[in-house]
Amino acid sequence: MYDPNPPRSPQETMPTMYDLPSEVIGESGLPDEFHCIQADLLTETCQPANYSATEILLASDLNLYYDPRHTLWYKRPDWYMVLGVASASQQQDLRLSYVIWQEGIAPFLVVELLSPGTEQEDLGKTLREVNQPPTKWEVYERILRVPYYVVYDRYDNILRIFQLIGNRYEAVPLPDNRFWLAELELGLGLWQGTYQQTTGLWLRWYNSQGWLPTLAEQAEQERQRAEQERQRAEQERQRAEKLAEYVRSLGIDPDNLS
């Protein structure tokens, strides 16, 4: 018999980001100062030429709910990128969490900033405990199948990047501590410099022309361009004035040449 009220889809009935916790007080690995600054630098310099800002999500310490069978299980990557999803344009639409069964798209790249307390799990060296959620490595490699997994150890200045080949992560070679991602027309590498008044070795995006600028660097570039334009205008004014003086020396009024 025809049912005028068919069952609603799981996407409609399962918990949304409004139903799920967005943070856990006392959780290990919550961001310290370095984590916050490094995440800002990654976000500011991530400027893929083939994706607009409206079709890419860049998230830092945003809960990632990944298993519709265990809706309270989540990971909290230090930084991650999702391609093909809309970023919020209104404050009220900002995500509380990223919920796979609602969004329908897994992250393209995940970055973990290694901490002493999370090192073993970040590098896939811990085994899943009985009756406990899977490890980060298992979630990224086997459940979400994230194409690229990046681990940066700032204590020993070691960058590791793993690419999903078949069903397993394989470490990729990193000449000069850089790795080019053809899908994004961007590269990710270690940069020595000062950001937010802090000098060190940072994880940063680059393109075929070089390191991509931060917001402060973009502002400085604009200031320099404006100053160069002002100087060119001043040079033109001075040349015009000298020409006018020369014309006057010939007994001609430069303001009445018609």
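We did not get these values from a lab; they are worked out from the coordinates using the rules stated. Every value quoted in this text rests on a predicted model; they were computed, and no experiment measured them. FYI the Cβ positions are ideal-geometry reconstructions off the backbone, even for glycines, and counts take in every protein chain you see.
Here are the numbers:
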| quantity | calculated |
| --- | --- |
| For the range 74-84, 3J(HN,Hα) per residue [Karplus equation, 6.51 cos²θ - 1.76 cosθ + 1.60, θ = phi - 60°, Hz, x = Gly/Pro] | 8, 10, 10, x, 5, 7, 8, 10, 10, 9, x |
| Share, in percent, of DSSP beta bridges within the range 10-212 that are antiparallel, nearest 5 | 85 percent |
| Inter-site label distance for L215 and A182 at 7 Å from Cα along Cβ, in nm | 3.5 nm |
| Farthest positive-ward along the range 10-212 dipole, Cα basis, beta-carbon charges - from L41, I165, G187 | I165 |
| Protection proxy ranking of 118-127, 86-95 - average other beta-carbon atoms within 10 Å, highest first | 118-127, 86-95 |
| Charge dipole (debye, nearest 20) of the chain; +1 at Cβ of Lys and Arg, -1 at Cβ of Asp and Glu | 440 debye |
| Listed residues E138, E220, E185, most fluctuating in the chain (Gaussian network, C-alpha, under 10 Å) | E220 |
| Estimated [θ] at 222 nm from DSSP helical runs (n ≥ 4, -39500 (n - 2.57)) normalised by residues in the chain, nearest 500 | -7000 deg cm²/dmol |
| All-pairs alpha carbon distance profile, the range 213-258, 10 Å steps from 0, percent | 25, 28, 19, 15, 11, 2 |
| Fewest-first sequence of S60, S52 by Cβ atoms within 10 Å of each Cβ | S52, S60 |
| Ordering of 186-192, 78-84, 204-210 by packing [mean C-beta count within 10 Å, highest first] | 78-84, 186-192, 204-210 |
| Extended-chain gain in nm, criterion 0.36 nm per residue less alpha-carbon gap, T54 and W101 | 14.9 nm |
| Farthest positive-ward along the chain dipole, Cα basis, beta-carbon charges - from Y18, Q231, L201 | L201 |
| Magnitude of the charge dipole, the range 213-258, Cβ model with Lys/Arg +1 and Asp/Glu -1, debye to 20 | 140 debye |
